[in-house]
4 protein chains.
Amino acid sequence: MSSNQVYGAGIWHFATYVDRYATDGYGEPRSIIDAIDLAGKVRDLSVVDLNWPFFGGDFTNEQVGEALDRNGLSVVGITPEIYSRVFAKGSFTNPDPGVRRLAHEHITKAADVVRHFGADYVKLWPGQDGWDYPFQVDHGALWKASMDGVGQLASENPDLKFVIEYKPREPRVHMSYDSVSRTLLGIEKIGLPNVGILLDFGHALYGGESPADSAQLAIDYGRLFGMDVNDNMRSWDDDMVAGTVHPIELFEFFYTLRKNNWEGVWQLDQFPFREDCVQAADHAIDFLKTVERGLEKLDFKALQAAQDKHDAMGALAIAQKALYTSW
Amino acid sequence: MSSNQVYGAGIWHFATYVDRYATDGYGEPRSIIDAIDLAGKVRDLSVVDLNWPFFGGDFTNEQVGEALDRNGLSVVGITPEIYSRVFAKGSFTNPDPGVRRLAHEHITKAADVVRHFGADYVKLWPGQDGWDYPFQVDHGALWKASMDGVGQLASENPDLKFVIEYKPREPRVHMSYDSVSRTLLGIEKIGLPNVGILLDFGHALYGGESPADSAQLAIDYGRLFGMDVNDNMRSWDDDMVAGTVHPIELFEFFYTLRKNNWEGVWQLDQFPFREDCVQAADHAIDFLKTVERGLEKLDFKALQAAQDKHDAMGALAIAQKALYTSW
Amino acid sequence: MSSNQVYGAGIWHFATYVDRYATDGYGEPRSIIDAIDLAGKVRDLSVVDLNWPFFGGDFTNEQVGEALDRNGLSVVGITPEIYSRVFAKGSFTNPDPGVRRLAHEHITKAADVVRHFGADYVKLWPGQDGWDYPFQVDHGALWKASMDGVGQLASENPDLKFVIEYKPREPRVHMSYDSVSRTLLGIEKIGLPNVGILLDFGHALYGGESPADSAQLAIDYGRLFGMDVNDNMRSWDDDMVAGTVHPIELFEFFYTLRKNNWEGVWQLDQFPFREDCVQAADHAIDFLKTVERGLEKLDFKALQAAQDKHDAMGALAIAQKALYTSW
Amino acid sequence: MSSNQVYGAGIWHFATYVDRYATDGYGEPRSIIDAIDLAGKVRDLSVVDLNWPFFGGDFTNEQVGEALDRNGLSVVGITPEIYSRVFAKGSFTNPDPGVRRLAHEHITKAADVVRHFGADYVKLWPGQDGWDYPFQVDHGALWKASMDGVGQLASENPDLKFVIEYKPREPRVHMSYDSVSRTLLGIEKIGLPNVGILLDFGHALYGGESPADSAQLAIDYGRLFGMDVNDNMRSWDDDMVAGTVHPIELFEFFYTLRKNNWEGVWQLDQFPFREDCVQAADHAIDFLKTVERGLEKLDFKALQAAQDKHDAMGALAIAQKALYTSW
């Protein structure tokens, strides 16, 4: 079988990182152009999600476009940076209306970048929207502001899709879009057709969800607009290489997508702090191809029959065999 | 200030327990009559939630009623046992339609007990509904069955309220009604006015929610039909004595109820495995009275002003002072 | 390759269970004789660890021995039940000296059962020794009692090995022997050659340890006297079927044993609440045989070279390939 | 009662921070001189722990000394930065012997800074020493290197104390000095009198330890050389303001220190990402003074009597009353 699957990655996969300890970074800083050139070295990568503004220099859309072209890459989404210093106390939910306006303007500009590149969506990851301490916020008001900010953008830009990437926490101690269900509640309340979910496997996993169940739920609401994968230790968003720790649940996640005929990009959202970023992407995609082959081998009918009985051992035997004989 | 608050408890607070290790139990078995007589010894308890069928013997509603009367107790809710052996693989979601029917019949009978006692609601805690293993269930089908089961009951019994008590897990590795948001999604889909949430403070806490935020959300959907409190270590449903570990978040929870003029019973859902059950209830209620006094002292306006700025230190200073000077 | 590995299981794997909700149990009660007959049906099981007193009836050592013989099973260890009702507030650390004495006498009798069956060890799992609440215990005194109780037994029975099975928690909110390091600290302080660790893979995993690291540490102290495996969701001792959720870490665990030439029984400690117990054991052992084959294929030298560079991708590629081509 | 307690803080409390998202930082960068001047504004701060090299400029010991003098501050410890870029794959355990040597030289120079300021200790926080992935490292070799690195320093500098600050994880997925017990095992193996523990309340809490128990254990080994406090949500090192979330366990921690006549600095290790740093320190110290007053009121004898019976409700009633009437 030759793969027909399109693979993608967040371009930050090919950046270097800082954290609160290694403030001098885990490597020399890279520009988005450097990162795109590294992404081009990954064996099977076709699309990327780009942070915006473009990092590491003052680059035009055209310059970025050239870099993408020479690496055979196209753009699946744009991620406006609404989690930098000015947004430290929130973007949509910032207590300062001026900052909320700034977030709105910032994302509105990012929407034009989506149009420029013909990408699929504006990705909203409002990681600074939430709270840290008990009593810090008026929860009703905060949640309303979370929805209002997204709703305004979606209604002003009906030609574009907006995807919300939820996460339980980090950098805030609690993030307002914290789970698949909360996000769906918000999206239903917003009530617009162009708002959906970008489901991050690792965020679901460490939020105590079953990522397969989260995917099914988002699909059943018609809101699964995108996805990415990685791995972690279930207690933090480690953004490790996909498949290295939880292969079975990753397989179940893709099984759920396939069963529902969900056809979209299989993306990576990994942070290889101490690894070679190209090797880390290749490693992940190698495993995702095992998953692809496993899905081809998988006896969907027998699996469904086992699931209809809630027969864990029977279902697992079918799934394990398909995956483990597909290396 | 004299307390006007009505206090309640799940009658199981006054039972003895078994677990998978101490299979001979943490004390001599007690009947529900014994438990009611113990509940009567708690200084400020007015109402109880009763498991049904009544445990420890073959008691009529009348016998139970007599025991309640002599202890000055009334019934706030009935909890049908849909998590015993026959329901080990689920009640609403059991793969066997016969068992699903049994659950329905069982709860239908419990509804009559609610009517008999003039209680507020049928409490649904489908703790066996969910899954243990990856690949074990068809997530879409399972969730649909979770909603259908509740919906059928609510539509057949429009005179009664049904409250769903969600919990992340236990005894299943994952419970289908796992969070406030998932439960609200389900309730909105069911679309009936008589289905709501029984919010357990500890379930919210160990699910990584802020219980205050969960309460606000349920209230904003008009679905907060009941509540109970306890405490835990945030990683399991320890059902410890309320206020002993997380007093600040407990205070924020009640602050949220008060701010929204939510007026209902303050209930205990504690499992004092190794403690004297009367002492454990008194200990909790003593702290809840501190909370009551703290709410009287609390400067709601100043607190709101601090929250409007997301001023954590300012808000906490107001809240800590009100609580800690109210002992 | 035909397997030379000896497989074992705790006999409770073949019992039925109760918990605090399904107080009528997850199936008809079984006697230890029933359980042994079920264990005999597992394809590759040779040894068992027996709870003592024998459950489900008044059986003599001889009766149990007959059942073992007819099923081709021998005894690897005896687990005295020091976590039942009388020990609810602790065995070695009970505040009542009479109960501490009782625990001592109880385990002393169990030691004779070890001698009778020629088993390898007395297994100590003091699951009720610990605390639930802040301020509940004098931590120094509690820990001293934990060590004294084990030390006295080990010094009085120098012909036998005593193994401590640590666990972070359950049924206590915190267990005194909570981790591999704490247990080794205690064992070193006890200072006797016949006290060691029974390392449960799942307990290490859910305690946030790397089970491979825990095994190496116990081996380096000369204290790894036994082991068992299962799986869980990292946040509780779910005692699920081994290999179903965390196959890579399970493989690393056995790699560590093999690398150190640790040769002992590969045991199961699973609680198949809702599964057929024979099928659950077969399922686990099937995977353990994949692990065995994987270890035969594994390039230990190349793996060591990758580890010497802390080369995660390189090491994982070697390990994943060996495991996933061994189904 | 007027306070006799000496209060301290890590000087990083008064810096600004970056993380992997807000790469432009949570505020304008500050030099260590700026930070010292802010520390001087805290009402009751006497001592600080200084990162070394001094951040934000090229400052001499003398320049730093002047800043300390004008703010009435002295130095309790020096924290060499062994977690910056060059040490991304470890300091003591780096696979590159050249980097291990660099770490050694770096800390050796920091030791001279300790001597210059007459501080109490060199603080070792080897946050990059550990692993991320299964199979990544040889666990035996890694742990040996962890001990060897500390041992060499301690034997070369017998006039100084070295304190190890353990933490479960971050920035590595798993840190080699991960818990109080593991660290004590290492210290005992190193076998030198001048190696001890700096116990961080929050690290213990989020590692699933009871900080009071951890303190007692370290004291019983004669190794509690320092401590600091903060708060978190039990699942990450949030470094929140002390006392805001877990006041009871904080009180138990200080009760344990007092009971053992441990007399040292009460330090803060907080990261007020979004708060005013002076206000955050004042808020914490205000609560610590409540704790001080609570300890004066606490009936140690009655508490010990309750603990001797493991009487949780009795012990908590005594503790809660002492704390909550001391605001």
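The values are calculated or read from the model by the stated rules, or taken from the named source; none is laboratory data. Everything quoted here is computed from the prediction, not taken from an experiment. Cβ placement follows ideal geometry from the backbone for every residue including glycine, while neighbour counts extend to all protein chains displayed. Only protein heavy atoms, including side chains, enter the accessible area calculation; ligands, DNA and RNA are left aside. Shrake-Rupley method; radii C 1.70, N 1.55, O 1.52, S 1.80 Å.
Please name whichever of C:Ser214, C:Pro158, C:Trp236 sits farthest to the positive end of the charge dipole of segment C:117-263, dipole taken about the Cα centre and charges placed at Cβ: Lys and Arg +1, Asp and Glu -1.
C:Pro158
Inter-copy label distances at D:Lys321, 7 Å along the Cα→beta-carbon direction, one decimal in nm, shortest first?
Nearest to farthest, the other copies are at 2.7, 6.8, 7.0 nm.
How large is the dipole of chain A about the Cα centre if only Lys and Arg carry +1 and Asp and Glu carry -1, each at its Cβ, rounded to the nearest 20 debye? Numbers along the way, then the final one.
Values: 30 positive and 48 negative charges, 113 e Å.
The dipole magnitude comes to about 540 debye.
Which residue fluctuates the most in chain D, going by a Gaussian network model with Cα springs under 10 Å, if the choices are D:Gly151, D:Gly196, D:Gly130?
Most flexible of the set in this elastic network: D:Gly151.
How large is the helix-only mean residue ellipticity at 222 nm for chain B, computed as the sum of -39500 (n - 2.57) over DSSP H runs with n ≥ 4, divided by its residue count, in deg cm²/dmol to the nearest 500?
The helix contribution divided over chain B gives -13500 deg cm²/dmol.
Among DSSP bridges having both ends in segment C:149-245, what percentage is antiparallel? Round to the nearest 5.
DSSP beta bridges in segment C:149-245 are roughly 10 percent antiparallel.
Which residue in D is nearest the D/C rotation axis when you measure from the C-beta atom, and what is the distance in Å?
Output: D:Ser181, 2.
In whole percent, what relative contact order does segment A:25-88 give with Cα contacts below 8 Å and a gap of six or more residues?
Computed value for segment A:25-88: 43 percent relative contact order.
Just checking the output field for D:216-222: average partner chain Cβ neighbours within 10 Å of each residue's Cβ?
Counting other chains' Cβ atoms within 10 Å and averaging over D:216-222 gives 3.
Relative contact order for segment A:241-311: what is it in percent, counting Cα pairs under 8 Å that are at least 6 residues apart? Before the final figure, lay out each step's value.
Numbers: 24 pairs, mean separation 31.4, N = 71.
It comes to 44 percent, rounded to a whole number.
When the solvent-accessible surface of protein heavy atoms is calculated with a 1.4 angstrom probe, in what order do A:Glu105, D:Glu165 fall, highest first?
Details: A:Glu105 90, D:Glu165 5 Å².
If we order A:Glu105, D:Glu165 from most to least accessible, we get A:Glu105, D:Glu165.
Let me make sure I get this right: for segment D:152-210, a, b and c are the square roots of the gyration tensor eigenvalues over alpha carbons, sorted descending. Under 1.5 in a/c it's rounded, otherwise prolate if a/b > b/c, else oblate. Which is it?
Here segment D:152-210 falls in the prolate category.
Just want the answer: with Cβ charges of +1 for Lys and Arg and -1 for Asp and Glu, which residue in B:Gln5, B:Ile187, B:Ile36 is farthest toward the dipole's positive end in chain B?
Sorting the options by dipole projection puts first B:Ile187.
Can you give the convex hull volume of the alpha carbon atoms of segment C:216-305 per residue, in Å³?
Working: hull volume 9.9 nm³, N = 90.
Looking at segment C:216-305, the number lands at 110 Å³ per residue.
B:Glu188 to D:Glu28: FRET efficiency via 1/(1 + (r/R0)^6), r the Cβ-Cβ distance, R0 35 Å, to the nearest 0.05?
Once the sixth-power term is evaluated, E becomes 0.15.
Could you tell me the number of lysine pairs in chain B with C-alpha atoms less than 14 Å from each other, where the two lysines are 8 or more residues apart or belong to different chains?
Here the count comes out as 9.
Give me a single rounded figure for B:119-130: the average over its residues of other chain Cβ atoms within 10 Å of their Cβ.
Other-chain Cβ atoms within 10 Å of each residue's Cβ, averaged: 1.
For the pair D:Asp148/C:Asp37, report the inter-label distance in nm, with labels modelled 7 Å from Cα in the Cβ direction.
Distance between label points: 5.9 nm.
What distance in nm separates the two pseudo spin-label positions at A:Arg258 and B:Val6, each 7 Å out from Cα along the beta-carbon direction?
Output for this residue pair reads 5.6 nm.
Restricting to bridges with both residues inside chain A, how much of the DSSP beta-bridge set is antiparallel, in percent to the nearest 5?
Rounded to the nearest five, the antiparallel share is 10 percent.
What is the average number of partner chain Cβ atoms found within 10 Å of a Cβ in B:25-33? Let's see the in-between values first.
Working: counts 5, 7, 2, 1, 1, 0, 0, 0, 0.
Averaged over the peptide's residues, the number is 2.
Give me the percent relative contact order of chain A, please, defined on Cα pairs under 8 angstrom at least 6 residues apart.
Reported relative contact order: 15 percent.
Tell me, what % of the accessible area of segment A:43-138 is carbon and sulfur with a 1.4 angstrom probe?
Percent of accessible area from carbon and sulfur atoms in segment A:43-138: 47.
Enter the accessible area per residue of the protein assembly as shown (Å², integer; probe 1.4 Å; all protein chains in place). Mind dumping the intermediate values first?
Working: 39600 Å² over 1308 residues.
Counting only protein heavy atoms, the per-residue value for the protein assembly as shown is 30 Å².
What shape does the protein assembly as shown take by its C-alpha gyration tensor, where a ≥ b ≥ c are the square roots of the eigenvalues and a/c under 1.5 counts as rounded, a/b above b/c as prolate, and the rest as oblate?
Taking the square roots of the gyration eigenvalues as a ≥ b ≥ c, the protein assembly as shown is rounded.
Pick out which of D:Phe273, D:Phe135, D:Phe14 has the largest mean-square fluctuation in a Gaussian network model of chain D, springs linking Cα atoms closer than 10 Å.
Of D:Phe273, D:Phe135, D:Phe14, the most mobile in the Gaussian network model is D:Phe135.
Would you mind telling me the antiparallel percentage of the DSSP bridges in the protein assembly as shown, rounded to 5?
10
Going by the alpha-carbon gyration tensor, a ≥ b ≥ c the square roots of its eigenvalues, is segment A:280-326 rounded (a/c under 1.5) or, if a/c is not under 1.5, prolate (a/b greater than b/c) versus oblate?
Numbers: a/c = 3.17, a/b = 2.60, b/c = 1.22.
Judged from the Cα gyration tensor, segment A:280-326 comes out prolate (a/c at least 1.5, a/b above b/c).
Would you mind working out the magnitude of the charge dipole of the protein assembly as shown relative to its Cα centre, with +1 at each Lys and Arg C-beta and -1 at each Asp and Glu C-beta, to the nearest 20 Debye?
I would put it at about 0 debye.
What do you get for Rg/Rh of chain C when both radii come from the Cα atoms and Rh is the Kirkwood radius?
On the way: Rg = 19.5 Å, Rh = 20.3 Å.
Rg divided by Rh gives 0.96.
Say the dipole of segment A:74-123 comes from +1 at the beta carbon of Lys and Arg and -1 at that of Asp and Glu; which of A:Ser74, A:Thr108, A:Thr93 then lies farthest toward its positive end?
Checking the options against the dipole of segment A:74-123, the answer is A:Thr93.
Give me the percent of the accessible area of segment D:206-327 that comes from carbon and sulfur atoms, probe 1.4 Å, all protein chains in place.
On the way: 1540 of 3290 Å².
The nonpolar share, carbon plus sulfur, comes to 47 percent.
Could you pull out which residues in segment B:293-321 have an amide N less than 15 Å from a spot 7 Å beyond the Cα of B:Asp220, following the Cα-Cβ vector?
Once the point is set 7 Å along Cα→Cβ of B:Asp220, B:308 turn out to lie under 15 Å by backbone N, inside segment B:293-321.
How do D:Val6, D:Val241 rank by accessible surface area computed with a 1.4 Å probe, from largest to smallest? Don't skip to the answer; put the middle values down first.
Values: D:Val6 60, D:Val241 5 Å².
The residues order as D:Val6, D:Val241, largest area first.
Round to the nearest 0.05 the FRET efficiency obtained for D:Lys301 and A:Asn61 when R0 = 60 Å and r is the Cβ-Cβ distance. Show your work: numbers first, answer last.
Working: r = 75 Å, r/R0 = 1.25.
For R0 = 60 Å, the calculated efficiency reads 0.20.
So how strong a dipole does segment C:57-193 carry about its Cα centre when Lys and Arg Cβ are +1 and Asp and Glu Cβ are -1, to the nearest 20 debye?
Its charge dipole is roughly 360 debye.
Can you list residues whose amide H is under 5 Å from B:Gly226's amide H, if they're 5+ apart or on another chain and H is modeled 1.01 Å from N?
Here B:Ile197, B:Leu199 satisfy the definition.
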